Amino acid sequence: MQLFPCPFCGLRAETEFHFGAEAGKTRPEPAADVSAADWARYLHAKKNPKGPSREIWVHETCGEFFLLERDTVTHEVTGSQSLRKGEP
Amino acid sequence: MTARRIPTPTGPGLHFTFDGRAMTGIAGDTIASALLANGVRVVGRSFKYHRPRGIFGYGAEEPNALVDVTVNGRTTPNLRATTEPLQDGMDVRSVNASPTAAHDRNGFLDGFSRFIPAGFYYKTFIWPDWHLFEPRIRAMAGLGRLDLDNRPAADCPQIAARCDVLVVGAGPAGLAAARAASAAGQSVMLVDDQTEPGGSLRLHDATIDGMSGTEWASGIVADLRRAGHTVLTRTTAFGVYDHGLVSAWQRREGKPDALWQIRAKTVVVAAGAIERPLVFPDNDRPGIMSAEAALAYLKLHGVLVGSRIVLATNNDRAYFVAQALRSAGAEVTVADTRAAPPASADAITRLAGATIDAVHGRDGVEAVNIGGQRLECDCLLVSGGYTPTVHLHCQAGGKLRYDDQIAAFIPAAFRPGMVVVGAANGVFGLSGALAEGHAAGGGKDAPPSPASPDEAHAIEPAWPVPGKPGRQWIDFQNDVTLKDVELAARENFRSVEHLKRYTTLGMATDQGKTSNMNGLAAMAAVTGRTIAETGTTTYRPPFVPVPLTVVAGRRRGELFNPVRRLTLENEYRKTGAVFREYGGWLRPAWFGTGKAEDEIAREALRSRETVGILDASPLGKIEVIGPDAGALVDYNSYHTISTLKPGRIRYGFMLTESGVIYDDGVVSKVSDEHYIVSCSSGHVAGVTARLEEWRQDRFDPARVFVHNSTPHWATLTATGPRSRDLVAALGLGVDLADDALPHMAFAECRFDGTTARLARVSFTGDRSYEVSVPQSKAAALLAAMTEAGRPLGAVALGSEALLLMRAEKGFIIAGKDTDGTTMPHDLGITAPRDRRKGEFVGKRSLFTDNALRDDRQQGVGLVAVDENVPLPVGAHGVATRDGVRRSIGFVTSSYMSQTLGRPIALALIERGLSRIGEQIELVHLGRTMRATIAPACAFDPEGARING
């Protein structure tokens, strides 16, 4: 059972969290200008890195999405950041 | 082995049976000690060869003594006799033996052993098909029997705990650590798998800080408890998981077992060490026992395991055991493998350079051959050295190094937050263990010190020697011999991981606690490598078998996935509701005691004639509020919602980014800054989560809020031609005229002094009104509607009738009448795709090549051709192309409609929308039938009834 740091609630058990998406992905728009390949990449291509990763998770109990930096091999959590505007 | 009690017990005993024989034990016995005291030598049969086996160890390491135990009518299979306290009335049965351990009809298998080495079954029965042979082979092997009638209660609690220092093992090192940590002001948890603290102090006499070892131990435990720390006995820390979580299984007197989930800043592993066997021909015979186990049975249970004992050893520690047994009245000969055994003043007979060449006695040791000489004995004790219990360290990712001095693997470097001390760290002397524990607990002062110098523990490895005749056992529980290891090496399974999987060495329920070291030492010898080069297999949790009831805890049965319940459930029970689960909610399926189909038909017909009253509380009510509420709702909808006038409602879909229908429902626009998303009952959490995700990702979270208010509202729907009359009688203060409140209109109103909501939406196709009131007014609303409905001939409507009525209208259930490919245009709804400007979730996916194919499965109705009975749900439409029959879709919903006097069905059928009127063939479980493709809506296609 991992412990994840919610930027609002602190360290909580991983069962309270849900994976959102990998960080840094931008939705290609507008639809009319997006090639099928770009759209497919957006929908389906995941980096799934071995080692350090940046991911968006949601702490379901408070509902807040945040940036979680962790190592997919060692499960070490290296960072957690609010995604609210004006916050670091 | 002629074991006996010392002294002879007095007082009332505990009565139990073993393989049907009545026996008596005493309080404090384990099953194993009681069996020994009753002279039982053969306690079970081995897994593969059905060899007679006796008790080898005294704790979790025991490989042989597995038993099925029935107590208080509850049977638990494969318990370790060595770790189970004896209870009065226990029925104990040996495993893998039929009819009994002493007389096993499969015992002949041992005679064929040379023909069935490791891998034999897989090599031999590969042709024509292993699965033909598997059932009979499995029946001969295998362990205890499951009691299929056993339905254990879901009553094991799971307890989360935190502390500064968790100490695993209450031996001298662990106690010293806990004591020091407490003194340093740390919060401490101490867990130990024995009934009493003390560890090796309970077996070896010692004086620490002026007290006897056991007094010292119980004094520390009392101090810890007094200081508010937690000490758990009979508790096994069995696993280390991510981020340092330690799981521990606690056995509790008279209470269900508990699972502790412990997070500590520091874990001190003081788990001790396990004595391993020596490897010689027939070293698995009953009556051959670990020397330390013999000491434990003597010291803890007053059982002397033999009167003429040979103790084979390669180390000094065994001499202490020999002395203790001799003092208790046994005649002891030490057969030391070393050329120069330690000199000593005691009068114990010792043989130098002695190896056991043969063991006599099939069902119990009668004599051994040492150097060509026969030595009569009734018990053979073995001590091949000690294997530190490093499991938790390794589970946490720690590495090991081989220490020649003690012939064992010990931790190479500790993991962050974990320290290994005492025997588990290869420190076998008492003073060293105390000092290490003391330091690990943060003790800066002088550690507790023993009065006398440490016992000697010099060891000279006596590893298995390949190439010798006879069968020498490495793994007792999985019946792996030295020859199997040699065979594995010959066939190039030389890595220890391959050795393990090929021979099953260490894969039994004891996980090789007594066998792994000998196994890898044997592999090292066969392959000419050092033990360090050969390495160990991976350590994985759990350290001991943990019952699944403990792991599952209370999350089983009704609590596995608890249903949600209506506020008015009890009211509906009074009026004869039959409940079923729909989308996670327990809802009335129908009312009445008649046949289900009759009651459902009655409800549907009456509702279409007059008015039905339905509990629609589970329907989603997700409030979206704020200046950007309209934009958020629009972005998440296939249809544009915000263009509605306040007080109006629109039906629509919520799509995934793949363009697939995730949910359907209606959205009410209360005002420009307030919308209510009324999604399907089963999708409330999912729709809320999606809205929330986009809110935070794409919008300014300060300008729009999402709040799921579903649980706050009770919603009762009146549907049918007389529904307006019914609602009028409620006095909600709303003009119900159709031009004031048309279909798809919303109004806030008052009921019984509180705010209420009224929505004209219909899932039946008939005029309908949804009345929502705070849950506290649910009963009042039901009473008022029932009262108002009585003169109108109103009927209570269950979910089944509603499902039927919506299917008559061709209204879908998202996820039932759609699947993971269905897009809105597959249901014929294309306007937003074709005309809507701007972005919305899933938009681009509606224009992919795949989305634009003309052979997509589309939502249609089906009319059965051959019989007037409903088509089976799941029946596939089939078409034959190039001689190959293939599926063109399937039936998603199917009912008997009394309103129409015929069955109706909804289906997803390839090109269905352009094939209305065509006949297709369907197959289901070998049956073939025909149906005609029809529009999904089978009833009132003009929609006249919505205002009827």
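Between Rg and the Kirkwood Rh of segment B:534-667, both from Cα atoms, what is the Rg to Rh ratio? The partial results should precede the final answer.
Working: Rg = 23.9 Å, Rh = 20.2 Å.
Rounded to two decimals, Rg/Rh equals 1.18.
May I ask you to compute the full-extension gain from residue B:847 to residue B:738, defined as 0.36 nm times their residue separation minus their alpha-carbon distance, rounded to one decimal in nm? Can you show the working numbers first?
Details: separation 109, 0.36 × 109 = 39.24 nm, distance 3.95 nm.
Here the answer is 35.3 nm.
Kindly work out what percent of the DSSP beta bridges joining two residues of the protein assembly as shown are antiparallel, to the nearest 5. Before the final figure, lay out each step's value.
On the way: 157 of 201 bridges.
In the protein assembly as shown, approximately 80 percent of DSSP beta bridges are antiparallel ones.
When you take every Cα atom in segment B:623-760, what is the radius of gyration, and what is Dmax, the widest Cα pair distance, in Å?
Both quantities, over Cα of segment B:623-760: 15.6, 47 Å.
Pairs A:25/A:47; B:574/B:777; B:468/B:513; B:574/B:595; B:621/B:837; B:621/B:669: which are spaced more than 20 Å apart, C-alpha to C-alpha?
B:468/B:513; B:621/B:837
Under 11 Å from the Cβ of residue A:59, count the other residues' Cβ atoms, weight Lys and Arg +1, Asp and Glu -1, and hand me the total. Let's see the in-between values first.
Values: positive: A:12; negative: A:14, A:16, A:60, A:64.
Net local charge, residue A:59 excluded: -3.
Over segment A:1-57, what number does the Rg to Rh ratio reach, with both radii from the alpha-carbon atoms and Rh per Kirkwood? Working shown, then result.
On the way: Rg = 15.2 Å, Rh = 13.7 Å.
Expressed as Rg/Rh, it is 1.11.
Round to a whole angstrom and tell me the spacing of the C-alpha centers of segment B:484-504 and segment B:311-333.
Between the Cα centres of segment B:484-504 and segment B:311-333 lies a distance of 36 Å.
Which whole-number percent is the relative contact order of chain A (Cα, under 8 Å, 6+ apart)?
On the way: 136 pairs, mean separation 23.8, N = 88.
Relative contact order here is 27 percent.
So how far apart, in nm, are the two label points at residue B:153 and residue B:564 if each is 7 Å from Cα heading toward Cβ?
Placing both labels 7 Å along Cα→Cβ, they lie 3.1 nm apart.
With r as the distance between the Cβ atoms of residue B:835 and residue A:37 and R0 = 22 Å, compute the FRET efficiency 1/(1 + (r/R0)^6) and round to 0.05.
Values: r = 26 Å, r/R0 = 1.19.
Here the calculated transfer efficiency is 0.25.
Take the Cα atoms of the protein assembly as shown, find their three principal axes, and give me the spread along each one in whole Å, biggest first.
113, 67, 64
Can you give the FRET efficiency for residue A:62 and residue B:580, using 1/(1 + (r/R0)^6), R0 = 45 Å, r = Cβ-Cβ distance, to the nearest 0.05? List each step's numbers first, then the result.
Details: r = 34 Å, r/R0 = 0.76.
Approximately 0.85, to the nearest 0.05.
Put a dot 7 Å past each Cα toward the Cβ at residue A:75 and residue B:923; how far apart are the dots in nm?
Reported label-point gap for residue B:923 and residue A:75 is 4.7 nm.
With each run of n ≥ 4 DSSP H residues scored as -39500 (n - 2.57), what mean residue ellipticity at 222 nm is computed for chain B after dividing by its residue count and rounding to the nearest 500 deg cm²/dmol? Numbers along the way, then the final one.
Values: 22 runs with 200 residues, N = 948.
The per-residue figure over chain B is -6000 deg cm²/dmol.
Which value in nm describes the separation of the simple spin-label points at residue B:783 and residue B:700, placed 7 Å from the Cα toward the beta carbon?
In this crude spin-label approximation the distance works out to 4.9 nm.
Cut-off under 18 Å on the C-alpha distance; same-chain residues fewer than 8 positions from residue B:483 excluded. Which aspartates and glutamates are left, in chain and number order?
B:110, B:282, B:284, B:357, B:475, B:491, B:497
Rounded, prolate or oblate: pick one for segment B:398-556, where a ≥ b ≥ c are the square roots of the eigenvalues of its C-alpha gyration tensor, a/c under 1.5 means rounded, and failing that, prolate if a/b is larger than b/c, else oblate.
In terms of gyration-tensor shape, oblate.
How large, in Å, is segment B:812-948 by the Kirkwood hydrodynamic radius built from its alpha-carbon pairs? Before the final figure, lay out the partial values.
Values: mean 1/r = 0.0622 Å⁻¹.
Kirkwood radius, segment B:812-948: 16.1 Å.
Just check segment B:123-194 against the gyration tensor rule for me: Cα atoms, a ≥ b ≥ c as the square roots of the eigenvalues, rounded for a/c under 1.5, and otherwise prolate or oblate depending on whether a/b exceeds b/c. Walk me through the numbers before you get to the answer.
Values: a/c = 4.25, a/b = 2.57, b/c = 1.65.
Prolate shape, in that a/c is at least 1.5 and a/b is the bigger ratio.
For segment B:335-371 and segment B:1-66, what is the separation of their Cα centres, given in Å?
Rounded to whole Å, the Cα centres lie 25 Å apart.
Which semi-axis lengths, in whole Å and largest first, follow from the square roots of five times the eigenvalues of the Cα gyration tensor of segment B:375-452?
On the way: eigenvalues 149, 79, 18 Å².
Over the Cα atoms of segment B:375-452, the semi-axes work out to 27, 20, 10 Å.
Rg and Dmax of segment B:217-300 over Cα atoms: what are they, in angstrom?
17.7, 53
Relative to 2.2 N^0.38 Å, what does the C-alpha radius of gyration of chain B come to as a ratio? Two decimals please.
Details: Rg = 37.6 Å, N = 948, 2.2 N^0.38 = 29.8 Å.
Compared with the compact-globule rule of thumb, chain B sits at 1.26.
Would you kindly calculate the translational diffusion coefficient of segment B:46-98, applying Stokes-Einstein with the Kirkwood radius from alpha carbon pairs, for 37 °C and a viscosity of 0.692 mPa s, and quote it in µm² s⁻¹ without decimals?
Working: Rh = 11.7 Å.
The diffusion coefficient I find is 282 µm²/s.
Calculate log10 I(q)/I(0) of segment B:5-57 for q = 0.15, 0.21 Å⁻¹, where I(q) comes from the Debye formula with a single equal point scatterer on each Cα and nothing for solvent.
-0.46, -0.80
Name the long-range amide H neighbours of residue B:409: under 5 Å, sequence gap of 5 or more, or other chain; modelled H, no Pro or chain starts.
B:403
Just in segment B:308-396: which trypsin sites (Lys or Arg not before Pro) are loop by DSSP and have at most 16 other Cβ atoms within 10 Å?
Values: sites: B:308, B:317, B:326, B:338, B:350, B:362, B:374; in loops: B:338, B:362.
Taking segment B:308-396 and a limit of 16 other Cβ atoms within 10 Å, the loop trypsin sites (Lys or Arg not before Pro) found are B:362.
Every read-out reported here was derived from the displayed coordinates using simple, explicitly stated rules and does not represent laboratory data. Note that the coordinates shown come from a computational prediction; the quantities given were computed from them, not determined experimentally. We place every Cβ from the backbone using ideal geometry, glycine too, and count neighbours over all the protein chains shown.
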